[in-house]
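This report concerns only the one structure given below.
The values are calculated or read from the model by the stated rules, or taken from the named source; none is laboratory data. The shown structure was predicted, so the numbers you read here are calculated from the model rather than taken from an experiment. Here the Cβ is made from the backbone with ideal geometry for all residues, glycine too, and neighbour counts use every protein chain on show.
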Amino acid sequence: MALGELAAALGRACEGDAGFAVRGVAPLESAAPGDLVFVRSQRYAAGLARSGAGAVIAPPGVDTGGRPTIRTERPDLDFARAVARLLGAAPPAPGIHPTAVVAADARVDASAAIGPHAVVGARSVVGARSAIHAGAVLYADVRVGADCVIHSGCVIREEVAIGDRVLLHPGVALGADGFGYTFDEAGRPVKIPQIGRVVIEDDVEIGANATVDRATLGETRVRRNAKIDNLCIVAHNCDMGEDVVMVGQSALAGSTTVGRGTIIMGQAATTGHLAIGAGSFLGGRAAVARDLPAGSRVWGAPAVDERLWRRTVAALNRLPEALRRLRAIERRVGLRQAGAVRAQRAEAERRSSGEPEPEE
Amino acid sequence: MALGELAAALGRACEGDAGFAVRGVAPLESAAPGDLVFVRSQRYAAGLARSGAGAVIAPPGVDTGGRPTIRTERPDLDFARAVARLLGAAPPAPGIHPTAVVAADARVDASAAIGPHAVVGARSVVGARSAIHAGAVLYADVRVGADCVIHSGCVIREEVAIGDRVLLHPGVALGADGFGYTFDEAGRPVKIPQIGRVVIEDDVEIGANATVDRATLGETRVRRNAKIDNLCIVAHNCDMGEDVVMVGQSALAGSTTVGRGTIIMGQAATTGHLAIGAGSFLGGRAAVARDLPAGSRVWGAPAVDERLWRRTVAALNRLPEALRRLRAIERRVGLRQAGAVRAQRAEAERRSSGEPEPEE
Amino acid sequence: MALGELAAALGRACEGDAGFAVRGVAPLESAAPGDLVFVRSQRYAAGLARSGAGAVIAPPGVDTGGRPTIRTERPDLDFARAVARLLGAAPPAPGIHPTAVVAADARVDASAAIGPHAVVGARSVVGARSAIHAGAVLYADVRVGADCVIHSGCVIREEVAIGDRVLLHPGVALGADGFGYTFDEAGRPVKIPQIGRVVIEDDVEIGANATVDRATLGETRVRRNAKIDNLCIVAHNCDMGEDVVMVGQSALAGSTTVGRGTIIMGQAATTGHLAIGAGSFLGGRAAVARDLPAGSRVWGAPAVDERLWRRTVAALNRLPEALRRLRAIERRVGLRQAGAVRAQRAEAERRSSGEPEPEE
């Protein structure tokens, strides 16, 4: 594709040779003369100067060394769009592989691709141009929209509904039973049947080996354009808002509602039955145990407001020193003598329930 | 099923029209006139009043608006039992799908169902009425009891033994090698062969993409009626007690024994070679690093007694303020002057090993 | 195998009957007369005395009760090597199962084993004596070296390159898209195409359901002899050093470089774009948010130097008591009266952003 054509598609201006033929994209360090690269800011100008790249997407004011250049205030965004245009993965050839097992009453669009050993269950539907890769399994009554990609290793249980342009990476499990038990008279866990369903709206992406469980009753819903990373859990009856970003190994416990545009960083988690307001930010490893208003920023376990958390973390590392200072003051003001100290310490130890005795 | 018949099966009393035909179950908000719902307590009475539900399971004393009602002290438990009776999933039709690969010397009960592309290895056994769903793989010498459900994506390695009524959700890996290494003379990790096995007892349920590793020597055992959630790890040589509940993304490191009825909340973990006493409760994200007596309740990392943890968490959020108060006291009692403060702070910084300087 | 032959292979001395025929290996408690066991130290001598084992690997000086014995300073290492020699799993028989789907232009070595329903994509290569177990899927342009074992449930996406003697446990996903987004003008996440690749070097082992994502551009690399446990994440563009050990459920965020021989304990994590120096130790649940020099030992979240962390954890459990002592001092030195206390507390509460009021 010519650079000028690409610039026009992005709605941006092109400096220099608009006829430059873009052959590929690459990082600065390994770019070849036919490659397009991008720089976020002046900070990368030196790397660009050393790069072998032939063309650049750059913000205004960054010297691109006379290379043909697309200028934009959002180089990362336009580079992402450019790559999608230049290298959009060729979808697998349409058709049902002879080794696939498709139920007689399933409906697979003629433009869809069903890979080797894939399984499409009774009454399931696969929309136009969607790809079900090798070995993926759709149980009965599954609905997959148009332009979806469902990679190998995915398992979609009964009655799961998937919108358009949904991307499921390898090993995603949709619609497994929620984890719900009650306890019988002898205190033994008894399964609560999980008979609800899962709805995945348009443009959702779900990472490798992540799980979204079916509802106990009703539905678990992941709304439009939400992005879920590898090994995350969305538990039964959650309602994940549009545009939510959920980073690796984080988890929503049951019946949690997450407002639009919230960002949940890695290994964060919520307890069940919470409402997280729109546009919130849950820091890495945050453990949220109560409802959060819109726009909250929290960290820590249990999670607290970001500013409090920063002050607390900073103070925490001074705590051993503070305890020494506290003892010095007690001696100064006559609140501490040798005998009293021993008694006090023994008391503290009893309270600390057998914790290892801290060094002093 | 008639409501009176259901009440009798549950051993409960039925108020009102015992002939009411239960057509389905639903949450309060979306129930139709043929649906059975449940309420836990008086707290849900208003929701029930607004609900379209035709019949109710409720505790004594809750007004059910004249609907036919099953009275019980345990509405959640009886509702779970009712749903299991009303909607018990129809098992797949018995038989071996023509695309399944079953070893000549495997023994599959005639009432079992082996799905498309499933694989049953040499000398493996599948018991009565068990379902091996599409694409699931049993290696050689695997033993699956009666009435099990093994979903698609599950991989059961050699010599794993599975009891009766075991439910494995999609993507469960049983019998992968434990993670065991020693280090050679050059400090490089050297694999310790993992040649033990895995035993899963009756009525165990294991969540999507969870893993239970084979023992180094001997066995890894998950005892009767234990319930394991998605993405959990049970490492080599663990012994998980009966009725243990293990919530999402939690992990037992190697050779950990967990006593009967313990509850392990989400993302909790243990270090290896521990004994957790029966009936313990490990709070969410607890990191247990030592043996626990029966009935322990712990939280935090490293985990401590629940009461200490609560006090500590509460105190922690006051720590920045406490440090300010400490400085005020030092000035009052003459333990702090401007020069001394600077020296003291420099010292504290050296000790804190390069931590970012806290704001004050 | 005769014990003397085994000792010679290990380069160690054999005491007693060198002709002893080793029939198996076992833990001390369940060993039979034909079994070889090992003891690490004198501490296990009593267990050995009670054991039915016929032969022992033991350090010098430990009484083995007259059993034929291989003496070594490293019993664990030599036992691991002995087991590998004695019980090395028989590889599956070479050949392509008739139900496997191998692309016409794929190249599978005649000594390799491709299991039932496995898929080998266009132009992919499988080296000598490698086993691709039932149902595993290799997309197009994948390269697998010699003597690899790829278990069922593994999914290897396009262009992933795997060295020799690599062991992938069930459900490993290699080459899934990295989790990279930018945000459009309306604040919605927009996918950054992930068009780089994954390289897994020789002798790497990756645990069940773990994921290694493809690079955005360039490559994600796991270097020689690195060992990754179940359910770990190696994100896009990471470079994991040789001999790194990464324990269960830990995660490297994008573009993290980990130096040779580092040990990353369970549930630990890094933020992106970090450099972790060689030979470092990240304790369980450590959350590393900045570069670490070689040989670092860190714990906590955010992670700090191990010694500081130990002191802080110890101090933390005394914090509630310290706050009581602080109040006592304030009363003594006239910095606290009843009225002042209430005002101060109200102020503290405002600062703490709505945290639950701590008990006192």
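Of the residues making up region A:235-261, those that are β-branched (Val, Ile, Thr) and either free of Cβ contacts under 8 Å to residues at least 24 places away in the same chain or out of contact with any strand residue (DSSP E or B) (no Cβ under 8 Å at 6 or more places or on another chain) (or both) are A:VAL244, A:VAL245, A:THR256, A:THR257, A:VAL258. When the residues of region A:71-108 are filtered to those that are of a type in the set (Lys, Arg) and under 17 Å from A:ARG165 (Cβ atoms), which remaining residue is nearest to the other protein chains (Cβ to nearest Cβ)? Step by step, filter region A:71-108, then rank; the result is A:ARG81.
Say whether the condition of being part of a loop (DSSP other than H, G, I, E, B), small (Gly, Ala, Ser) and closer than 20 Å to C:SER30 by Cα is met by at least one residue in region B:250-262.
So far as region B:250-262 goes, yes, one or more of its residues are part of a loop (DSSP other than H, G, I, E, B), small (Gly, Ala, Ser) and closer than 20 Å to C:SER30 by Cα.
Does C:ALA289 count as in contact with a Pro (Cβ under 7 Å, 6 or more places away or on another chain) and either farther than 21 Å from B:LEU323 by Cα or among the polar types (S, T, N, Q) (or both)? Judged against the criteria, C:ALA289 is a match. Kindly indicate whether any position in region B:183-192 is within 24 Å of B:ASP291 (Cα to Cα), away from chain A (no Cβ under 12 Å) and among the aromatic types (Phe, Trp, Tyr). For region B:183-192, residues within 24 Å of B:ASP291 (Cα to Cα), away from chain A (no Cβ under 12 Å) and among the aromatic types (Phe, Trp, Tyr): absent. C:ARG336 passes every criterion in (1) more than 7 Å from chain B (Cβ to nearest Cβ); (2) surrounded by 16 or more Cβ atoms within 10 Å (Cβ to Cβ); (3) modelled with pLDDT of 90 or more apart from (3).
Being closer than 22 Å to A:ASP78 by Cβ and not hydroxyl-bearing (Ser, Thr, Tyr) narrows it down to one of C:ASP177, C:ASP164, C:ASP203, C:ASP213, so name that one.
It is C:ASP177.
A single entry from C:ARG40, C:ARG74 fulfils the requirement of being modelled with pLDDT under 95 and surrounded by fewer than 16 Cβ atoms within 10 Å (Cβ to Cβ): C:ARG40.
Among the residues of region C:138-168, write down those that are more than 11 Å from every other protein chain (Cβ to nearest Cβ), of a type in the set (A, V, I, L, M) and part of a loop (DSSP other than H, G, I, E, B).
Within region C:138-168, C:VAL142, C:ALA146, C:VAL160, C:VAL166 qualify.
Take region B:101-114 and flag every residue that is within 19 Å of C:HIS133 (Cβ to Cβ) and crowded, with 24+ Cβ neighbours inside 10 Å. B:ILE114, the sole residue that qualifies. If I filter region B:316-325 for residues that are at the interface with chain C (Cβ under 8 Å from one of its Cβ atoms), part of a helix (DSSP H, G or I) and among the polar types (S, T, N, Q), do I get at least one hit? Among the residues of region B:316-325, not one is at the interface with chain C (Cβ under 8 Å from one of its Cβ atoms), part of a helix (DSSP H, G or I) and among the polar types (S, T, N, Q), which makes the answer no. So, of the residues in region B:1-31 that are aliphatic (A, V, I, L, M) and assigned to a loop (DSSP other than H, G, I, E, B), which turns out to be farthest from B:LEU87 (Cα to Cα)? It comes out as B:ALA18. Among residues of region C:121-137 being among the hydrophobic types (A, V, I, L, M, F, W, C) and assigned to a loop (DSSP other than H, G, I, E, B), the one that is nearest to the chain's Cα centre (by Cα) is C:ALA136. Filter region A:210-229 down to residues that are closer than 17 Å to A:THR270 by Cα and under 15 Å from the mean Cα position of the chain (by Cα) and give me whichever is farthest from the other protein chains (Cβ to nearest Cβ). Step by step, filter region A:210-229, then rank; the result is A:VAL222.
The set of residues in region B:271-297 being part of a strand (DSSP E or B), within 24 Å of A:ALA287 (Cα to Cα) and more than 9 Å from every other protein chain (Cβ to nearest Cβ) consists of B:ILE276, B:PHE281, B:LEU282, B:VAL288, B:LEU292, B:ARG297. Residue-level check: of (1) surrounded by fewer than 19 Cβ atoms within 10 Å (Cβ to Cβ); (2) of a type outside the set (D, E, K, R); (3) more than 22 Å from B:PRO170 (Cα to Cα); (4) more than 14 Å from chain C (Cβ to nearest Cβ), B:ALA55 misses just (1). Among the strands (runs of 3 or more DSSP E) confined to region B:34-120, the ones with at least 3 residues that are under 32 Å from the mean Cα position of the chain (by Cα) are located at B:35-38, B:55-58.
From the list A:GLY178, A:GLY207, A:GLY135, pick out the single residue that is in contact with a His (Cβ under 7 Å, 6 or more places away or on another chain), touching a residue at least 40 places away in the same chain (Cβ under 8 Å), crowded, with 24+ Cβ neighbours inside 10 Å and within 14 Å of chain C (Cβ to nearest Cβ). First the steps, then the outcome.
On the way: A:GLY178 fails: within 14 Å of chain C (Cβ to nearest Cβ); A:GLY135 fails: touching a residue at least 40 places away in the same chain (Cβ under 8 Å).
Only one candidate qualifies: A:GLY207.
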